[in-house]
Amino acid sequence: MKPTDTSNPEYFHKVVDCQYACPAHTPVPEYIRLIAAGRYTDAYMINWVSNVFPGVLGRTCDRPCEPACRRGRLGGDEEPVAICRLKRVAADNKTGDDFRARLPKIPKKKNGKRIALIGAGPASLTVARDLMPLGYSIDIYDNQFAGGGMMRSQIPSFRLPIEVLDEEVDYILDTGVVTHFDTEVTSLQSILDKDYDAVFVGTGAPRGRDLNIPGRGEGADNIHIGIEWLASVAFEHRHQVGKRVLVLGGGNTAMDCCRTSRRLGGDEVRVVVRSPFADMKASPWEKEDAMHEDIPIFDNHTPKEFVIEGGKLAGMVFEKVEAEYDENGKRSLVPTGEDPVFMPADDVLIAIGQENSFPWIERDAGVEFDQWDMPVVDKDTFQSTNPKVFFGGDAAFGPENVITAVAHGHQAAVSIHLMCGGKDVAERPAPFTNLMSQKMGVHEWSYDNQVEDDPRYVVPLADKSKALADRKLEVELGFDKSTGFAEAERCLNCDVQTVFTEARCIECDACVDICPTDCITFTAPVEEEMLRTRLSAPAGNLAQDLYVSDVLPTTRVLVKDENVCLHCGLCAERCPTTAWDMQKFLYNVSLAGQ
Amino acid sequence: MSYQLPNFRHPELPVNELGYTRADYEGSISTLCAGCGHDSIAGAIVKAVHELSIPPHKIAKLSGIGCSSKSPAYFLGKSHGFNSVHGRMPSVATGAALANRDMIYLGVSGDGDTASIGMGQFAHAIRRNLNMVYIVMNNGCYGLTKGQDSATADEGSTSKKGDPNPFDAIDLPSLALNLGATFIARSFSGDKGQLVPLIKAAITHRGFAMIDVISPCVTFNNNPQSTKSYEFVREHAEATGTVDFVPMREEITTSYPPGSTAEVTMHDGSVLHLHKQEEGMDPFDRISAMNALEQHRARGDILTGLIYLDEDSRELHEVLETSQRPLNELDASDLCPGNRVLANINASLR
């Protein structure tokens with residue numbers, strides 16, 4: 001096995017599991033340390049630069065970082081650091097004035113380039129945030145009355161208070177973005193005709209999938225598409241729902257629908273889903289939140305028909321199924337043969353998925369569409385086949401989430417800036433990286449290397465009866481400062497890397513002996529597969545790299561399995577020659593103009 | 001500031017027959033200098049005892065004074081321990097071993113503790129073939145008092161701030177061989193592959209088992225002019241052969257070319273495999289062992305591995321024909337069986 005090339009920034013980046021898993025690659029441990037230090041505005045700033053909506057995401061993010069967190073691999077009942085809710089601690093406790101003073105300055109003299117953003121959701125707002133400080137003139141179009149896109153129309157207020165959203169949307173719009181709200185764009189060509197230098201399409205996946213089974217037409221008055229229904233609640237067009245509500249679907253939209261129903265008069269709300277409970281798309285914590293509000297989830301039930309009595313919806317019939325998996329793991333839902341199940345209902349909400357919809361893009365506008373009627377978009381540059389038209393967020397590759405939309409927005413902004421500067425959009429800027437020793441003394445590091453044993457802290461909730469009585473009352477109260485500190489201390493500081501220098505090593509084994517998780521081995525250099533069988537402890541997690549040194553004087557190599565390294569720094573403390581050092585690795589995705 | 005070890009361990013650590021992981025045999029975090037060979041020896045002891053599936057409470061760690069002798073705090077944290085007076089560990093071990101023959105006695109000593117102040121005690125523990133493991137953590141200097149030459153420092157060897165040593169070294173394996181020790185080995189702290197099976201064999205051996213482990217003092221005696229440095233030892237160590245220890249309960253799976261290997265069955269049924277033995281060297285023959293030691297010494301090499309093993313070793317309890325039950329388990333009725341027994345004894349003498 002070849003020595004590890006740590007000069008490739010992706011090697012150490014991958015060791016920072018949370019950051020690597022985050023679509024926007026937010027430097028998570030860096031801001032968690034700042035929260036522990038009580039520097040909330042600084043922590044918020046790091047987030048804001050990277051993910052644009054820390055207050056929103058600190059409440060609603062799909063948090064791909066958390067399943068990746070190294071703490072979750074430490075065995076026992078150990079759970080990941082509550083990264084998402086720590087982000088909220090930074091947002092809740094920042095000093096607003098201090099933060100506003102740090103916002104990038106918008107040049108008075110514009111650069112003469114005009115950009116149109118279609119849709120005012122997270123992707124478009126990110127593009128605006130990145131391009132405004134560079135002197136662009138930006139027009140943003142949206143059919144809603146305010147910015148935010150699905151963050152406004154689909155995420156219920158009890159999860160995301162409107163003030164939090166407004167604040168973070170305004171940070172961007174207040175930089176001088178020209179807004180065209182309540183404006184439905186019905187023709188891409190009409191926008192292109194305005195001679196913008198670039199057009200960014202961030203219109204999301206606006207169409208909720210329907211369920212065409214018997215009774216759909218007759219019961220239409222009480223059968224609703226989930227996302228449309230959520231929007232009508234958010235925009236105060238709808239204030240109540242029937243007492244008995246069935247929510248179809250197993251994703252996060254279904255969870256929002258059922259919990260919203262509970263607040264609008266639904267006493268008997270049920271979620272009914274075709275798949276087994278474990279296969280549901282909703283995040284585990286969103287399922288828990290729903291069940292906490294006394295909403296049962298019926299899995300393995302396939303909807304067969306809407307039952308209409310007296311011209312009105314009376315309920316639904318379901319067929320019971322069970323999941324069978326073939327040798328490739330492909331699932332099929334097979335009827336069990338049991339009697340069909342009838343569930344009475346006054347209203348049914350269909351939340352079985354969302355689709356893209358581009359009726360407003362003329363097929364001769366230069367944007368090519370593929371066999372699934374999706375625009376052909378480059379996955380790195382986000383450019384369509386019309387070089388002036390870029391896509392991002394759900395509009396680009398189908399429904400994802402807010403943080404992915406932000407990541408798209410950053411890259412699209414990079415592309416637009418390159419293109420407007422006459423450069424090749426394929427020449428992506430390298431990430432900014434920095435690697436710096438944290439050594440302060442023999443037993444002293446400039447990070448808190450002590451590993452805390454505390455189990456994950458639970459976010460306190462508002463009183464259930466009060467929460468269910470008020471649609472706008474935020475359920476999660478967030479961590480207070482002291483709990484935020486304790487939770488922040490659980491972070492292992494995986495960005496503080498163990499860096500090995502062969503030339504200094506005397507092969508005394510001190511690091512091997514001290515390592516609490518047996519990550520380190522000195523052994524003969526062989527191929528990786530064989531190497532993994534010869535280490536101090538099992539090294540079966542192939543997703544985690546082995547850090548391999550060059551050949552040492554005894555003809556052995558040093559091998560470190562990154563998998564469960566605690567980043568405690570003891571290898572470096574016990575190293576007599578500083579062949580090991582703990583060095584903080586900062587990795588920032590380069591944004592437009594950087 | 002790290003004065004304690006994190007509590008997390010690798011989630012898939014192997015468990016031994018008792019259901020314990022290696023972590024159950026650890027001690028507290030070492031306060032020795034970073035890179036000290038003694039820490040590696042501690043690691044090797046932990047590995048050996050874990051793999052032998054010995055319940056921690058069946059072991060007593062005994063030591064004297066010195067860097068070596070504080071190291072028992074850093075391994076087998078759930079075993080018994082006695083940190084005695086400088087050089088007097090063998091006396092304490094003798095007392096303990098006589099009182100309770102069921103325990104495993106693991107003595108840890110240094111070159112000062114053994115070859116200077118404790119020389120007399122060391123000699124008599126060997127002469128009596130006390131059933132114990134005696135590990136010398138040998139760094140050729142007094143590390144605890146800033147690195148003065150010890151009695152095992154080689155002639156001409158120079159420590160970091162010292163002058164060349166004018167005296168010849170006491171070679172502990174040669175001395176032990178001379179005194180009649182029944183298990184003698186030498187190893188190197190930087191070679192766990194060799195050290196761990198030797199420790200296992202020493203623990204299984206019935207009688208006095210000495211392992212002289214060269215353990216570089218990183219702070220005072222790891223400079224290029226020293227013969228106890230990592231570099232010097234790596235360049236000059238020559239193993240008598242490779243040692244594999246197969247516990248009684250395990251199937252023997254390794255096979256070696258015929259003629260190149262010797263097998264020794266230990267008293268508990270475990271098997272010691274010696275292979276790639278040095279030409280002309282027979283570790284079951286005292287004279288051959290003595291020759292090999294002296295020849296290597298004359299060449300300036302360090303002979304490591306198993307040096308001598310007496311398969312017919314009779315330990316102190318066997319020689320003295322003491323009670324099969326440990327003395328500390330005998331109660332008043334055992335020790336004073338009463339007038340009738342006394343009368344029988346008296347009658348037998350008439």
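The numbers here are math on the coordinates, done by the rules we state, and not lab data. No experiment lies behind these values; they were computed from the predicted model shown. Note that we place each Cβ from the backbone using ideal geometry, even for glycine, and neighbour counts take in every protein chain shown.
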Notebook entry, point to check: Counting Lys +1, Arg +1, Asp -1, Glu -1, what net charge surrounds residue A:476 among other residues with beta carbon under 9 Å of its beta carbon?
Noted result: +2
Note to self: Compute, for segment B:22-320, the length of the dipole vector about the Cα centre, with Cβ point charges of +1 (Lys, Arg) and -1 (Asp, Glu) only. Units Debye, rounded to 20.
What the structure shows: 1040 debye
Margin query: Spelling out what I want: for every residue of segment A:542-549, take phi, set θ = phi - 60°, compute 6.51 cos²θ - 1.76 cosθ + 1.60 (Karplus), and round to whole Hz; glycine and proline get x.
Written below: 5, 6, 9, 7, 9, 9, 10, 8
Item checked: Residue among A:434, A:261, A:540 farthest towards the positive dipole end of the protein assembly as shown, charges placed on Cβ -> A:434
Margin query: Going by average Cβ density within 10 Å per residue, which order do the peptides A:242-249, A:528-535, A:443-450 take, highest to lowest?
Written below: A:242-249, A:443-450, A:528-535
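Using the number of other C-beta atoms within 10 angstrom as an exposure proxy, rank A:11, A:141, B:134 with the fewest first. Walk me through the numbers before you get to the answer.
Numbers: A:11 16, A:141 21, B:134 28.
Lowest to highest Cβ neighbour count: A:11, A:141, B:134.
Sort the following peptides by mean Cβ neighbour count (other Cβ atoms within 10 Å, averaged over residues), highest first: A:251-264, A:325-338. Don't skip to the end; give the middle numbers.
Working: A:251-264: 25.7, A:325-338: 9.6.
In decreasing order of mean packing, A:251-264, A:325-338 become A:251-264, A:325-338.
I want the local charge near residue A:49. Using Cβ-Cβ distances under 14 Å, sum +1 for each Lys or Arg and -1 for each Asp or Glu among the other residues. Before the final figure, lay out the partial values.
Values: positive: A:87, A:94, A:102, A:129; negative: A:30, A:42, A:130, A:168.
Every neighbour counted, the sum reads 0.
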Item checked: Share, in percent, of DSSP beta bridges within chain B that are antiparallel, nearest 5 -> 35 percent
Check: Given a Förster distance of 30 angstrom, what is the FRET efficiency for residue B:12 paired with residue A:446, based on the Cβ-Cβ distance and rounded to 0.05?
Finding: 0.40
Note to self: I need B:208, A:522 ordered by Cβ neighbour count within 10 Å, fewest first.
What the structure shows: A:522, B:208
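Can you figure out the FRET efficiency of residue B:31 with residue A:480, using R₀ = 41 Å and their beta-carbon distance, to the nearest 0.05? Write down the numbers at each step before the final one.
Numbers: r = 39 Å, r/R0 = 0.94.
Using R0 = 41 Å, I get an efficiency of 0.60.
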Notebook entry, point to check: Sorted by mean Cβ packing within 10 Å, highest first, what order do the peptides A:220-230, A:398-408, A:355-365 take?
Noted result: A:398-408, A:220-230, A:355-365
Notebook entry, point to check: Using a basic spin-label model with each label point 7 Å from the Cα along Cα→Cβ, how many nm lie between residue A:423 and residue B:235?
Noted result: 5.4 nm
Next item on the list: Using +1 at the Cβ of each Lys and Arg and -1 at the Cβ of each Asp and Glu in chain B, identify which of B:89, B:284, B:245 lies farthest towards the dipole's positive end.
Entry: B:89
Next item on the list: Sticking with the crude label model, points 7 Å out along Cα→Cβ, report the distance from residue A:470 to residue A:237 in nm, one decimal please.
Entry: 2.7 nm
Notebook entry, point to check: Where the centroid of each part is defined by its Cα atoms, how far is segment A:314-381 from segment A:526-555 in Å?
Noted result: 44 Å
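Find how much the distance from residue B:178 to residue B:145 grows on full extension, using 0.36 nm per residue of separation minus their present alpha carbon separation; answer in nm with one decimal.
On the way: separation 33, 0.36 × 33 = 11.88 nm, distance 3.06 nm.
Fully extending the segment from residue B:178 to residue B:145 adds 8.8 nm.
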Margin query: Whole angstrom only: what separates the Cα centroid of segment A:441-485 from the Cα centroid of segment A:188-234?
Written below: 37 Å
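Give me the percent relative contact order of segment B:5-158, please, defined on Cα pairs under 8 angstrom at least 6 residues apart. List each step's numbers first, then the result.
On the way: 260 pairs, mean separation 30.8, N = 154.
This gives 20 percent for segment B:5-158.
Other chains' Cβ within 10 Å of A:557-570 residues: what's the mean? Don't skip to the answer; put the middle values down first.
Details: counts 0, 0, 0, 0, 1, 0, 3, 5, 0, 5, 1, 4, 1, 6.
Mean shielding by partner chains, rounded to a whole number: 2.
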Next item on the list: Whole Å is fine, so just give me how far the alpha carbon centre of segment A:122-176 lies from that of segment B:282-349.
Entry: 86 Å
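If you restrict to DSSP beta bridges whose two residues both lie in segment A:208-352, what percentage is antiparallel, to the nearest 5?
Around 55 percent of the beta bridges assigned by DSSP in segment A:208-352 are antiparallel ones.
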Margin query: Could you tell me the calculated FRET efficiency between residue A:590 and residue A:7, based on Cβ-Cβ distance and R0 = 30 angstrom, to the nearest 0.05?
Written below: 0.95
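Could you work out [θ]222 nm for the protein assembly as shown from helices alone, using -39500 (n - 2.57) per DSSP H run of at least four and dividing by all its residues? Round to the nearest 500 deg cm²/dmol.
-8000 deg cm²/dmol
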Margin query: Straight-line reach only, C-alpha to C-alpha below 21 angstrom: list the lysines that residue A:2 could link to, leaving out same-chain residues fewer than 8 apart.
Written below: A:14, A:560
Next item on the list: Under 26 Å Cα to Cα from residue B:58, which lysines show up? Leave out anything in the same chain fewer than 8 places away.
Entry: B:47, B:70, B:78, B:192, B:200
Checklist line | Hits among aspartates and glutamates - C-alpha to C-alpha of residue A:194 under 17 Å, sequence gap 8 or more where chains match | finding: A:139, A:142, A:184, A:362, A:364
Notebook entry, point to check: To the nearest whole number, what is the average tally of beta carbon atoms from other chains within 10 Å of the beta carbons of peptide A:571-578?
Noted result: 4
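To the nearest 20 debye, what charge dipole does the protein assembly as shown have about its Cα centre, counting +1 at the Cβ of each Lys and Arg and -1 at the Cβ of each Asp and Glu? Display every interim value, and only then the final one.
Numbers: 92 positive and 132 negative charges, 403 e Å.
It works out to roughly 1940 debye.
Arrange A:397, A:479 by Cβ neighbour counts within 10 Å, fewest through most, would you? Before the final figure, lay out the partial values.
Values: A:397 18, A:479 24.
Arranged by neighbour count, lowest to highest, A:397, A:479 become A:397, A:479.
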Checklist line | Shielding score for B:33-40, defined as the mean number of other chain Cβ atoms within 10 Å | finding: 6
